[in-house]
Structures are given as structure tokens and as C-alpha cells.
Protein chains: 2
Amino acid sequence: MAEPIHNTCGSPSLVLGIGLLQEKWAMLIVWRLMSGPCGFNELSRKGGGLNVTTLSQRLAMLEEAGLLTKTIHSTMPPRTSYELTPAGQALRPVLEGIESWSEKHLPVEKACPLMRELGHEQPTD
Amino acid sequence: MAEPIHNTCGSPSLVLGIGLLQEKWAMLIVWRLMSGPCGFNELSRKGGGLNVTTLSQRLAMLEEAGLLTKTIHSTMPPRTSYELTPAGQALRPVLEGIESWSEKHLPVEKACPLMRELGHEQPTD
DNA sequence: CGTATCGCTATAGAAAACAAAGCGCTCCGC
DNA sequence: GCGGAGCGCTTTGTTTTCTATAGCGATACG
């Protein structure tokens with residue numbers, strides 16, 4: 001039987017956290033929500049290239065993990081808003097850490113190809 | 001700060017960093033390397049479920065991004081070791097941040113399904 | 001010589017993310 | 001009242017990504 005990852009080095013928690021956050025778009029969605037609650041389409045529009053299918057899937061996952069809450073404000077004109085829980089908010093220093101790390105160690109030249117990976121079209125218009 | 005991603009919240013660097021780190025296994029590989037240099041198969045074995053194809057791919061990517069270096073010690077009995085650069089090392093606080101965040105906010109019960117995602121088979125017996 | 005290890009690539013298949021369209025519904029201009 | 005646009009998603013394929021397995025050259029052990 002495969003030797004579990006958590007007795008390799010360090011705690012299982014890290015592995016868990018990584019497993020959650022390495023899901024595509026997860027961190028970005030959380031980061032978007034940092035500035036306040038957001039609706040589905042708004043999130044989609046500002047998501048920088050992620051499509052609705054993945055978004056709803058990711059949103060469901062993050063909700064289940066307890067990072068955000070989904071609130072339906074009105075049933076008929078469907079108004080929803082996604083908002084970070086304290087657990088989600090607690091991720092801010094981590095993301096800020098990534099941000100400052102990126103600025104220091106990730107030169108833009110190298111990063112350019114990555115932009116495409118993120119479905120990031122450079123708005124040269 | 002609520003505009004499209006390419007000029008949304010703060011710097012594009014964050015997006016870049018996330019784009020890099022959200023690649024499957026990337027953070028975990030970096031974390032493995034935190035405790036010291038490692039060979040390919042050793043890394044694979046301790047990777048907790050990632051397969052060699054993805055590993056070599058990810059390794060190449062991380063090397064190109066400047067997070068680690070590949071050193072070939074002997075040509076013929078192929079001995080290689082992957083080692084973090086300062087840029088890679090600088091990621092430690094971020095990963096530790098994720099670790100402590102996970103411990104606080106990611107209960108093991110919820111995490112269990114995630115283990116599978118990480119290729120982590122539990123001894124369900 | 002047979003088997004095992006190391007570092008990796010190549011080939012196929014499974015899973016995930018993708019784009020595009022569509023649904024029920026409501027608001028807005030006309 | 002009707003067309004169009006918006007909302008929050010789901011459904012339908014297609015592409016991209018990840019995975020499993022096998023294999024190469026070479027050395028080292030018995």
C-alpha cells in the first residue's frame with residue numbers, strides 16, 4: 001500500500017490545504033472575494049478567463065470547505081452573493097504572501113507565458 | 001479595485017504567482033524540496049501520488065520559473081538532484097502559512113475527500 | 001547473466017477544464 | 001406586449017491536463 005503522503009514530511013494539514021488551494025482558480029476566486037461579496041456573473045466576468053462551469057464547481061467546493069457562503073437574496077429575480085467566511089478571510093496573508101513573493105521572484109518576462117495559462121488576454125486595445 | 005483581472009485588485013504578480021502555484025503538485029514539490037535536495041525517483045516516491053510524467057513536467061516548469069535547479073552529478077550512472085533556489089526557499093513562509101491556516105480552518109473530516117484528490121489512498125482496508 | 005536501481009521519455013487512456021448554448025425569470029425601452 | 005439584456009446557473013460536446021504503464025540506456029549487485 002502506498003505510504004500516505006502525510007507521513008513523508010510535515011503535517012497532513014499542509015497537504016490538505018495545498019490540495020484545496022491548488023485546485024484551478026481556487027485561490028483567485030478567494031482573492032476576488034477579499035474585496036467584498038460578489039454575484040455569480042460578476043465573479044465570472046472578473047475571473048479573468050475561467051468559465052462558468054468551472055466557477056460554479058469551484059464555488060461549490062469552496063463553500064463545502066467552509067471558505068465562503070452562498071446567500072440567495074431573492075428567489076425570483078435570482079440574486080446570489082458569495083461571501084468569504086472568516087476561514088476564507090484568514091487566507092489573506094497567504095495570498096498577500098504569494099503576491100509579494102511573486103513581485104520579488106517572478107519576473108514579468110518569465111511570467112508572460114503564464115498569463116495565457118490563466119486565460120488572461122492582454123488588453124492591448 | 002473591482003475591475004477585470006488584468007488590472008483588477010493590485011498587481012498582476014499575484015495572478016502570475018497563483019498561476020504558477022496552482023499547477024497541480026507544484027506547491028507540494030516545492031515543499032518536499034524544503035528539507036533538502038532530492039533525486040527524481042526519490043521525489044516521485046515521496047510525492048504522494050503524483051506520477052513521473054507530471055513530475056518531470058512540473059520540475060521543468062519550476063526550474064524555468066527559477067524556483068529550483070537541476071544538477072547532474074554524474075553523467076553515466078545518472079545521478080540528479082533537484083534543489084531549491086533562494087526564490088524557491090522564499091516560498092517557505094507562504095507554505096507554512098497554508099499549513100497553519102489548514103490546521104486552524106480545515107477540519108480533518110472535510111479534508112478526507114480531498115486526500116483522494118491528492119492520490120492519497122487511505123487504508124480503508 | 002538476471003534483476004534492481006536511477007533518471008527520465010513515450011504512448012495511450014481517464015479526468016478535468018473549456019467554450020458555447022440554453023433555461024427560467026425579471027427588468028427595461030419602446 | 002414585445003424584443004433584448006441581465007441574472008444564476010446547467011447541459012452539451014471538445015480540448016487540455018493528468019494519469020498509468022511500459023520502456024530505454026547504463027551501472028551495480030549477486
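The values are calculated or read from the model by the stated rules, or taken from the named source; none is laboratory data. Please read these numbers as outputs of a predicted model, since none were measured by experiment. Positions of Cβ are backbone-derived with ideal geometry, glycine not excepted, and every protein chain shown enters the neighbour counts.
Based on this model, can you work out whether residue A:88 counts as in contact with a strand residue (DSSP E or B) (Cβ under 9 Å, 6 or more places away or on another chain) and either part of a loop (DSSP other than H, G, I, E, B) or β-branched (Val, Ile, Thr) (or both)? Give the derivation first.
Numbers: in contact with a strand residue (DSSP E or B) (Cβ under 9 Å, 6 or more places away or on another chain): yes; either part of a loop (DSSP other than H, G, I, E, B) or β-branched (Val, Ile, Thr) (or both): no.
Against the criterion (in contact with a strand residue (DSSP E or B) (Cβ under 9 Å, 6 or more places away or on another chain) and either part of a loop (DSSP other than H, G, I, E, B) or β-branched (Val, Ile, Thr) (or both)), residue A:88 does not qualify.
Scanning for something out of contact with any Ser or Thr (no Cβ under 9 Å at 6 or more places or on another chain) and of a type in the set (Ser, Thr, Tyr), does the stretch A:45-55 turn up at least one residue? Taking every residue of the stretch A:45-55 in turn, at least one turns out to be out of contact with any Ser or Thr (no Cβ under 9 Å at 6 or more places or on another chain) and of a type in the set (Ser, Thr, Tyr). A search for C-beta distances below 9 Å between a residue of the stretch A:52-67 that is more than 8 Å from DNA strand D (Cβ to nearest atom) and any residue that is charged (D, E, K, R) and not in a loop (DSSP other than H, G, I, E, B), counting only pairs 6+ apart in sequence or on different chains, returns A:63/A:70; A:64/B:110; A:65/B:110; A:66/B:110.
Set side by side, the residues A:84, A:20, A:59, A:68 differ, and just one is modelled with pLDDT of 95 or more, more than 9 Å from DNA strand C (Cβ to nearest atom) and closer than 22 Å to residue B:25 by Cα, which is A:59. Looking across the stretch B:25-66, the residues that are small (Gly, Ala, Ser) and within 18 Å of residue A:19 (Cα to Cα) come down to B:26, B:44, B:47, B:48, B:49.
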